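To start, the structure itself, in structure tokens.
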Amino acid sequence: MEDKLQENVPETIQTLYESGTSIWVLTGDMQNTAINVAYSCNLLNNEMQQFVLGHENEDAVRGAIAEYEELINKSPERAAALIIHGRSLLHTVDTPLEEAFFHFVSRCKIVICCRVTPLQKCKFFFLFLFLFLSFFFFFFSHLTDEPTLLVFSQPWW
């Protein structure tokens, strides 16, 4: 039994994509299912550079990210999409690889995280919330010339 996309989903995603919005998908689906759904809703297309990260150890993840960065540098005009497996995500958050990973994904237009556990989804939600709030407060403080300091000494989630 196949779930049908809701009406206008492909068109809406295409509009978001064309507006310059980066899109992240966190799903528990298997990799092939996530890729098929991404194609059916216009999240992925054949013109994109597509990188698949499914390695099970930190050194392999580090090497793949370095290789993918080089490929993006060779064709910066092409949009990049990352499909990453939950087992690789384990090596990207709260590890020495975190900074390199977020630098890489900041260059990707589409990021699809598949086989993600509920705990990983929660971590990413709060990580992005923190990054957004940090950017917002940094941006706001520069607009008003008033110093704004946001400090979290303990994980707040």
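Worth pointing out:
- Only one entry of Glu11, Glu67, Glu7 meets the criterion of being assigned to a loop (DSSP other than H, G, I, E, B) and either over 15 Å from the mean Cα position of the chain (by Cα) or among the aromatic types (Phe, Trp, Tyr) (or both), and that entry is Glu7.
- All positions within segment 1-28 that are crowded, with 17+ Cβ neighbours inside 10 Å and closer than 26 Å to Pro118 by Cβ: Ile13, Val25, Leu26, Thr27
- For Asn42: the one exception among (1) of a type outside the set (Gly, Ala, Ser); (2) surrounded by 15 or more Cβ atoms within 10 Å (Cβ to Cβ); (3) not in a loop (DSSP other than H, G, I, E, B): (3)
- Test for Phe102: is it in contact with a Phe, Trp or Tyr (Cβ under 8 Å, 6 or more places away or on another chain), within 21 Å of Thr27 (Cα to Cα) and at pLDDT below 90: no
- Single match in Asn36, Asn42, Asn73 (criterion: farther than 22 Å from His103 by Cβ, at pLDDT 90 or above and not aromatic (Phe, Trp, Tyr)): Asn36
- Taken over segment 45-58, the criterion of being surrounded by 14 or more Cβ atoms within 10 Å (Cβ to Cβ) and in contact (Cβ under 8 Å) with a residue 24 or more places away in the chain is satisfied by Met48, Gln49, Gln50, Phe51, Val52, Leu53, Gly54, His55, Glu58.
The values are calculated or read from the model by the stated rules, or taken from the named source; none is laboratory data. Predicted model, so just to flag it, every value in this text is computed and none were measured. Glycine also receives a Cβ, built like all others from the backbone with ideal geometry; neighbour counts cover every protein chain displayed.
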